[in-house]
Amino acid sequence: MIGRLRGDVIEKQPPYLLLDVQGVGYELEAPMSTFYELPDAGGSVVLYTHLLVREDAQTLYAFKHLQDRALFRDLLKVNGVGAKIALAILSGMDVRAFTDCIHRADSDALMRLPGVGRRTAERLVVEMRDRLQQITEQPDSGGERQGVQGTGNPVQDAVSALVALGYGLKDARRMVGELDTQDQNSEDLIRLALKTCLS
């Protein structure tokens, strides 16, 4: 199992990134919470990883913080929650916000995340309650937030990232279209769109 990588960021296009580790390029998928803290292309970063092996693919997921990886792993144990929904949850809210939703049994807030219907939200509230203490006790690693690199068109990059996180193309365009996009980078647009959708 690959648990941690230290290397240089080569490419960033949410939810995908390419990391050069001593000449080997690792293709990774990561939640937006991790993308917000990645350095610009060429910058060095340490990421915690989770390798998911399926019959048709082997996918390596990357996280800036151990708490995020722990939550991702526990989300995968919930019936009806796959990697795509787990990434959407971590992209839409941090560990603290998710913990608050679970403790308040706020399934409505969880249902605002892409791919999370009422049944899944209720299942999350029930199944995650006991696991959250272990997650929040994980040590945290620091990091500085940087911009997301993509096509050079922040609006297009934001829409693409939202679609990759599970929103429909029409919804993603609407979410970004409702924002003031002037002088905003794609990272800010993604964050604002998710915040607006979840509020």
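The values are calculated or read from the model by the stated rules, or taken from the named source; none is laboratory data. Please read all numbers here as calculations on a predicted model, not as lab measurements. So basically every Cβ, Gly included, is an ideal-geometry build from the backbone, and we count neighbours across all protein chains shown.
At-a-glance table
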item: In the range 106-121, residue farthest from ARG191 (Cα to Cα) [restricted to those that are free of Cβ contacts under 8 Å to residues at least 60 places away in the same chain and basic (Lys, Arg)]; result: ARG119
item: Filter result for VAL46 (touching a residue at least 24 places away in the same chain (Cβ under 8 Å), surrounded by 16 or more Cβ atoms within 10 Å (Cβ to Cβ) and not assigned by TED's automatic domain parsing to the domain that holds ALA161); result: no
item: Residue within the range 88-105 that is without any contact (Cβ under 8 Å) to a residue 40 or more places away in the chain and in contact with a Lys or Arg (Cβ under 8 Å, 6 or more places away or on another chain) present; result: yes
item: Residue identified as over 15 Å from the mean Cα position of the chain (by Cα) and under 21 Å from GLN13 (Cβ atoms) among LEU38, LEU52; result: LEU52
item: Selection status of THR151, surrounded by fewer than 17 Cβ atoms within 10 Å (Cβ to Cβ) and either at pLDDT below 80 or assigned to a helix (DSSP H, G or I) (or both); result: yes
item: Members of the range 1-37 found to be charged (D, E, K, R) and under 13 Å from ARG69 (Cα atoms), listed by number; result: ARG4, GLU29
item: Conditions (1) within 25 Å of LEU76 (Cα to Cα); (2) in contact with a helix residue (DSSP H, G or I) (Cβ under 6 Å, 6 or more places away or on another chain); (3) modelled with pLDDT under 85; number of the one not met by ALA109; result: (3)
item: Pick from the range 165-199, criterion without any contact (Cβ under 8 Å) to a residue 24 or more places away in the chain and outside any helix (DSSP H, G or I), ranking: surrounded by the most Cβ atoms within 10 Å (Cβ to Cβ); result: LEU179
